[in-house]
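Worksheet: one structure, shown below.
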Amino acid sequence: GRNLLLSYTFSPEILGKLHLSNLKIYSSVQNFFLSTEFPGFDPESQTTGTSFGQGFISAHEYPKPRVFMLGLNVSF
């Protein structure tokens, strides 16, 4: 998989002390891990508009970005 999601939901004891009904913190990373011997940026890149060009090195494509996200879900 390319994506990773970690989350933690706080216990009812902590929620009661904070006067909350729900508290969840999460972190997500897209394109987290790619292990390949492909010499180009991305083994899924295409040089043409068809799938026949898939796997060939393309000098005009950028690698897929790695995206980091943090989030907080709070209910009162």
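Can you spot a residue in the stretch 45-64 that is at pLDDT 60 or above, closer than 18 Å to Leu4 by Cβ, open to solvent by 100 Å² or more (accessible area, probe 1.4 Å) and touching a Gly at 6+ places or on another chain (Cβ under 9 Å)? No, the stretch 45-64 contains no residue that is at pLDDT 60 or above, closer than 18 Å to Leu4 by Cβ, open to solvent by 100 Å² or more (accessible area, probe 1.4 Å) and touching a Gly at 6+ places or on another chain (Cβ under 9 Å). Remark: pairs (first residue in the stretch 1-20, closer than 17 Å to Phe76 by Cα; second residue open to solvent by 100 Å² or more (accessible area, probe 1.4 Å) and hydrophobic (A, V, I, L, M, F, W, C); Cβ separation under 9 Å; 6+ apart in sequence or on different chains) = His19/Phe76; Leu20/Phe76.
The values are calculated or read from the model by the stated rules, or taken from the named source; none is laboratory data. Given the structure is predicted, the values throughout are model-derived calculations rather than measurements. When we count neighbours, we look across all protein chains shown, and the Cβ atoms used for this are built from the backbone with ideal geometry, even at glycine. Ligands, DNA and RNA are stripped out before the accessible areas are found, and what is left, the full protein with its side chains, is counted by its heavy atoms. Shrake-Rupley method; radii C 1.70, N 1.55, O 1.52, S 1.80 Å.
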